[in-house]
Each structure stands twice: as structure tokens, then as C-alpha cells.
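The values are calculated or read from the model by the stated rules, or taken from the named source; none is laboratory data. Treat the numbers as computed from the prediction; the structure is a model and nothing was measured. For neighbour counting, all protein chains shown are included, and Cβ atoms are generated from backbone atoms with ideal geometry for every residue, glycine included. These accessible areas exclude ligands, DNA and RNA; they are computed on the full protein's heavy atoms, side chains included. Shrake-Rupley method; radii C 1.70, N 1.55, O 1.52, S 1.80 Å.
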Amino acid sequence: MRAEFRSLGPEETLDLGEAIGWAAVPGLVVGLSGDLGAGKTVLTKGIARGLGCPRWERVTSPTFTLHNVYEGRLRLHHLDLYRLGQAEDLAAAGLDEVLYGADVCVVEWPDLFLTEFPEDRLLVRLRWQGPGETERTLEFSASGASSTAVLREVSARAAALLRREVVDGEL
């Protein structure tokens with residue numbers, strides 16, 4: 001299943017992330033791709049907020065630590081693979097176990113490592129849109145039963161969250 005949403009700014013990106021967190025199920029893996037500054041960490045903050053993490057606003061990109069953990073309704077693992085060079089580095093860092101665990105796992109910069117991910121995953125590509133530096137398009141792609149169910153729920157909530165009509169899964 002695929003869906004595309006347009007965010008007019010960071011608050012709407014946060015709201016879309018919150019919808020993912022509300023809909024999240026144990027074992028959900030979310031891969032986030034996009035240019036630097038496109039909103040990957042903002043979306044992750046929203047996921048943390050939707051999971052009920054008490055300090056969601058303190059979510060930061062784990063660029064140098066590779067892995068942050070936040071407690072909520074489900075535990076959230078936030079990975080940043082930007083500095084890893086090859087798939088073997090995932091196992092060496094013990095991150096492959098996180099990808100196949102019962103918690104929610106959000107991975108920034110997953111593109112080089114998708115062969116190591118579970119088949120059932122939700123991928124989100126964030127792209128700048130329009131002339132300003134606040135609008136972006138978020139392209140969602142679900143590849144299994146659990147991630148598809150999450151994306152259906154996100155789509156159902158998107159109209160209310162973004163205060164715009166959803167037409168065929170697109171805003």
C-alpha cells in the first residue's frame with residue numbers, strides 16, 4: 001500500500017508522526033529517508049508523542065550514538081544509520097536484534113540496509129515541496145500486513161490531523 005501526504009510545516013509533520021505512533025503495533029519498523037533537514041527527526045518526535053513517550057520533545061537524531069531508546073506505550077528505538085558503511089556494521093553494533101524485536105523501531109537513512117530489514121516494514125520518504133523551506137511531501141510505502149494496517153490508520157487520521165480532505169490516500 002502506498003500513500004502520499006503534504007505537510008505545510010513542522011507541526012503537520014509532527015502530527016503525521018503522532019498518527020504513526022497511535023497506530024503502531026509491536027515489531028513495527030519504520031524507515032525514514034530524505035535530505036538533511038527534511039523532517040525525519042521531527043516525524044520521529046511525533047511517533048514518540050503518539051506512543052505516549054513522556055519526553056517526546058527531547059527526541060534527537062542519534063547521528064553520533066547510532067541508537068536512542070524512549071519509553072512509551074511501546075518502547076521506541078530510534079536508529080540513525082548515516083555513519084554506517086555496510087550491512088555487517090548493523091550486526092557488529094547489535095542493531096539487527098533491534099530491527100527484529102517486539103518494540104517499535106524508527107530508522108533514519110535506511111537505504112543501504114533494506115536487505116537487512118524485516119519484509120513487513122513502513123518506509124517514508126520526505127521531500128521538500130514548493131518554493132518555501134517548510135512544505136514537504138511524505139511518501140509512505142507499506143510492504144506487509146502490519147505496516148499496511150498502520151498506514152491505513154494513519155490515512156484515516158490524516159484528514160483530521162492536517163485539517164484537509166484526503167482523496168484516494170493523498171492530500
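Of everything in the stretch 99-124 that is more than 15 Å from the chain's Cα centre (by Cα) and among the acidic types (D, E), the residue that is nearest to H78 (Cα to Cα) is E116. Looking at the stretch 41-63, can you tell me whether even one residue there is open to solvent by 10 Å² or more (accessible area, probe 1.4 Å) and touching a residue at least 60 places away in the same chain (Cβ under 8 Å)? Yes, that holds for at least one residue.
R83 - would you say it is open to solvent by 10 Å² or more (accessible area, probe 1.4 Å), at pLDDT 95 or above and not aliphatic (A, V, I, L, M)? No; evaluated as a whole, the condition is false for this residue.
Note on the stretch 114-160: residues that are more than 10 Å from G31 (Cα to Cα) and not in a strand (DSSP E or B) total 30. Among the residues making up the stretch 30-40, those that are buried (at least 21 other Cβ atoms within 10 Å of the Cβ) and in contact with a helix residue (DSSP H, G or I) (Cβ under 6 Å, 6 or more places away or on another chain) are L32, G39. Residues that are in contact with a Cys (Cβ under 7 Å, 6 or more places away or on another chain): which helices (runs of 4 or more DSSP H) entirely in the stretch 1-109 hold 2 or more of them? Of the helices (runs of 4 or more DSSP H) lying wholly inside the stretch 1-109, those with at least 2 residues that are in contact with a Cys (Cβ under 7 Å, 6 or more places away or on another chain) span 95-99.
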